Amino acid sequence: MSLPDGFLDELRSRTSLAQVAGRKVVFDMRKSNQAKGDFWAPCPFHQEKTASFHVDDRKGFYYCFGCHAKGDAIGFVQETENVSFIEAIEILAREAGMEMPAPDPRAKARSDRRGQLAEVMEEAVKFFRLQLRSGAGTAARSYLAGARGLNEAAQDRWEIGFAPPGWENLREHLTAKGLAEELMLGCGLVRPSDKGRRPYDTFRNRIMFPIRDARGRVIAFGGRAMDPDDNAKYLNSPETELFDKGRSLYNHAPAREAAGKGAPLIVAEGYMDVIALGEAGFAATVAGLGTAITEAQLQLMWRIHDEPIIALDGDAAGLRAAMGLIDRALPLLEAGRSLRFCLLPEGQDPDELLKAGGPAAMRTALEAALPMVSLLWRRETEGKVLDSPERRAKLDKDLRAILKKIRDPGVRSHYAEEVRRLRAELFGFSHGPVGQGAQGQDRAPWQPGTNWRGRSGRFKPAAAPSRSTLSSRLVGADERSALVLHEAVILATLIATPALLEEFSHTLEETPFEGEGHAALAGLLAGCDPQDSGAEVEAKITAAFGPAILERLRSERHVSLAPPVRRPGDVEVARLCLAEEIAKLSIQRGTMRDIAEAIAGFGEGGEEWIDHRLELSARARHTASSSGDSDRTEYDIAENGARIARTERSAFDEFAQMIGLGDIAKAGKPAGRK
């Protein structure tokens, strides 16, 4: 549905995010400033006791400094109510007293027709349910109650029905209701005859399961044959204006509601698995409507839950389906969004497992669900003999090709690291620090792409890095120490110069602070008023965290000597310093990420590409550091903050000595250098 220009802006202007969020959270009024539209509360998106969830009611945005969730009122309703974008707009528009815009005439006509088709489908549901209670449905009721253990109440909950034998039962019933055959054909309930006769019923002698969309409208049916000799045991409605089987899920709306209350999302193979799991207390269960789960269905699942659990049948076909799903899911993975796989006992589906062991057995199987990377590794290595360099090289080549499918660089990097760890275990290498081999020898473990050929032509491992290299501040924990120092300078500068808080608010919100207490400081600073003085900001920090946090922040010499810290309140100097430190922080994080991917050995390409990336990273890092160094080489900073060229300063000092004003020149020298 398209919305006219300005509609969303008007909706946002009429909506108070604080009121919308206030229905889901309890604001900490000690930390909040209601007059300024500044509110703080424990985050509704993750478990916490402190108030790190920030709502800026004036700007209409929220941000959590703990889990980094962010958005506006529409996004908040989407996440907390588990609804679509349009549904969230409809909810907020009703509350704001705004009418949803009328669609254009063609869209309205399509909507009217879809509404007519949906009415026909509802009539079909009623017909099938009545038939299940009639004499024609006796065998179907016996099957449901006996083989499936579903009593009458359960059958009603799931709206299960029965399509009796015969070619025109449903068509005649709907015709008697005054419904046109054209609409029946549009719903897929009847099929055109190729013999020139009237349309005939699509479903005959089948137990019927209504399929509803995310809004609860009946869009299709699934039917299970009662005749064991039927060509198709299960039959779905054909695709129609209402139904696209690759973009639909069975039990979508109820599962979304249950998942929104904290239940894990389970993906089963068929209708009866979903019903059995739902009756056993696993309400957040869906099923695909075809032979394989599609990319569109994956996206629907991820809108319900970040990590669905795939619980397919414990047979060869179920395992093949799970393995095939991995390849479709890899390009779509994002941070925090993946799949887990519940491998059921061989030969059992969820319904059979529940009958054998009850809900406890199913719960145990779900708790043991494997992350996708584990099943991927199993697929690539199980049953293979990897006893030669050539076979191992083939495995490495295959793994690199698979990992290239992951578009998200962060996820790809972590997958590469896990694959390296699993490979080290498989071939007998320890997964300790680089330089420690399988038996603790002082050598580097094998990495794909490593050159093992020495000058003599024999294969030998690369030499271990020296202890001085391992202790360098350019690797390991010292790289993180440098990051923490850059963070400390940024925070100390903003504390000393609150006037820049609004200008650099994006830095406080988007930077994943790693230093001790840095994230908490950033959260408090984001809520401070740019009109506050440095002393007022320090007082707020001391009141919230005690004086030790400021002492620790300024204890590093790199921080205490920063020009904005030495001369608090100088906006221009602080702005320049912040820009430089933010750039260095960003480049250093990128460098560390590139090095991590290179060490992993399963990056985006071969050695040449890795070398190229590292060279670019080093060049960017050198540029960032040298830009400030050149200034420091050529200039001094006077007490008033002005930059003085060192050559001019030297000439002035010589002149002052000549005319007997050496003491004045000495007194005028800066206390430190920038």
Over 18 Å between alpha carbons, listed pairs Lys36/Lys540; Lys59/Lys584; Lys31/Lys540; Lys195/Lys233: Lys59/Lys584; Lys195/Lys233
With a Förster radius of 45 Å, plug the Cβ-Cβ distance of Gln299 and Gln34 into 1/(1 + (r/R0)^6) and report the FRET value to the nearest 0.05. 0.70
Given a Förster distance of 22 angstrom, what is the FRET efficiency for Ile86 paired with Asp112, based on the Cβ-Cβ distance and rounded to 0.05? 0.80
With the 8 Å Cα cutoff and a minimum separation of six or more residues, the range 1-80 has a relative contact order in percent of 24 percent
Inter-label distance for Ala360 and Ala401, nm, one decimal - labels placed 7 Å from Cα along Cα-to-Cβ: 4.8 nm
How big is the dipole moment of the range 493-577 about its Cα centre under a simple scheme where the beta carbon of each Lys and Arg is +1, that of each Asp and Glu is -1, and everything else is neutral? Debye, nearest 20, please. 380 debye
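Quick one: length gained pulling Ala579 to Arg378 fully straight, 0.36 nm per residue minus the C-alpha distance? Mind showing how you got there, number by number?
On the way: separation 201, 0.36 × 201 = 72.36 nm, distance 4.71 nm.
Using 0.36 nm per residue and subtracting the Cα-Cα distance, I get 67.6 nm.
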Provide the FRET efficiency to the nearest 0.05 for the Asp306-Leu561 pair, computing r from the beta carbons and using R0 = 51 Å. 0.70
What full-extension length gain, to one decimal in nm, is calculated for Glu152 and Asn231 as 0.36 nm per residue of separation minus the Cα-Cα distance? 25.6 nm
If you take the charge dipole of the range 128-251 about its Cα centre, with +1 on Lys and Arg Cβ and -1 on Asp and Glu Cβ, which of Leu235, Ala176, Ala214 is farthest toward its positive end? Ala214
What is the dipole size for the range 501-542, taken about its Cα centre, with +1 at each Lys and Arg Cβ and -1 at each Asp and Glu Cβ, in debye to the nearest 20? 120 debye
Suppose a student asked you for the relative contact order of the range 135-265, using Cα pairs under 8 Å spaced at least 6 residues apart; what percent would you report? 19 percent
Please compute the length gained on full extension between Trp167 and Glu122, using 0.36 nm multiplied by the number of residues separating them and subtracting their Cα-Cα distance. 14.2 nm
A 1.4 Å probe over the protein heavy atoms gives the range 286-391 a carbon and sulfur accessible-area percentage of 52 percent
Would you mind computing, in nm to one decimal, how far apart the modelled labels at Met98 and Arg197 are, each placed 7 Å from Cα along Cα→Cβ? 5.6 nm
Over the range 174-330, what is the relative contact order in percent, taking alpha-carbon pairs closer than 8 angstrom and at least six residues apart? 17 percent
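The values are calculated or read from the model by the stated rules, or taken from the named source; none is laboratory data. Nothing here was measured: the structure is a model prediction, and the numbers come from that model. Reconstructed Cβ throughout: ideal geometry from the backbone, glycine too, with neighbour counts over all protein chains shown. Only protein heavy atoms, including side chains, enter the accessible area calculation; ligands, DNA and RNA are left aside. Shrake-Rupley method; radii C 1.70, N 1.55, O 1.52, S 1.80 Å.
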